[in-house]
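Contents: one structure, followed by commentary.
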Amino acid sequence: ATSSIQFGTLYWLTANYILLGTFFLLLMLNFILYSHIQWTRLHLPFFILLFILTLLTNEALFLFTILLLGLSFIQKVTNFIRLLIVTFFLALFSFYFRLSISQFRHLPDYEVGNYKEIIGTFMWYIYRVLNFPEGVRQMQPLSNNLINLLIAFNIIVLIIGIFYLLKNTTLKSIRLITFGFLWYIVFGFPFFLLPRHISSYYIQTAAIGFFL
């Protein structure tokens, strides 16, 4: 493991719902991308089964409908309206069902933070993706200043890279970059809301979009 998010996967291998959820999600996207030529009667039930398996293994992926909308801007999605309606209502049912039976929402760790805490949590997960150590918040002031300089350097390099890509890439590539950013926000959003319940392995699925 060379990254904190990779270490999280190895360390929390027993919490395989993160891995399984990502697997079913990628399988579902692969199904959408490579079944655009002709759909049979079995395509839609199979897609629904994959989406249900995705929600059962990792309920945090319930915002997939938003990603589906983003995908439609990159390429034509067969039976787009059907898929949109199916994923929306299944995700809505899953969300309220989990909310009604789960007792986690009553625990302090699962309280939604205020906007400052949410921004701080968002940055904490950005640190993880950029391979900074998990203890970055507890470091001494001198170390914090060094970390801030490294983060600023990474951001500058990222901005230069984005401008270079925008200058030398096609419209389709720009859409793909935007789709990757949307992927990161959509699948990371539920965890950004929980500043007192953070772990690097939660960002596994979202990090895929960061590196698209």
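The values are calculated or read from the model by the stated rules, or taken from the named source; none is laboratory data. A quick note: this is a predicted structure, and the numbers were derived from the prediction, not measured. A quick note on method: Cβ atoms are made from the backbone with ideal geometry, for glycine too, and the neighbour counts reach across all protein chains shown. Accessible surface areas use protein heavy atoms only, side chains included; no ligands, DNA or RNA. Shrake-Rupley method; radii C 1.70, N 1.55, O 1.52, S 1.80 Å.
Spread over its residues, the convex hull of the C-alpha atoms of region 53-98 is 68 Å³ per residue. Backbone geometry of region 84-98 corresponds, through the Karplus equation with coefficients 6.51, -1.76 and 1.60 at θ = phi - 60°, to 3J(HN,Hα) couplings of 5, 5, 4, 5, 4, 6, 5, 5, 5, 5, 4, 4, 6, 5, 4 Hz, x marking Gly and Pro. When region 74-118 is described by a simple charge dipole with +1 on each Lys and Arg Cβ and -1 on each Asp and Glu Cβ, the residue from Phe89, Asn79, Ser102 located farthest towards its positive end is Asn79. Ligands, DNA and RNA excluded, the heavy atoms of Arg82 present near 140 Å² of accessible surface to a 1.4 Å solvent probe.
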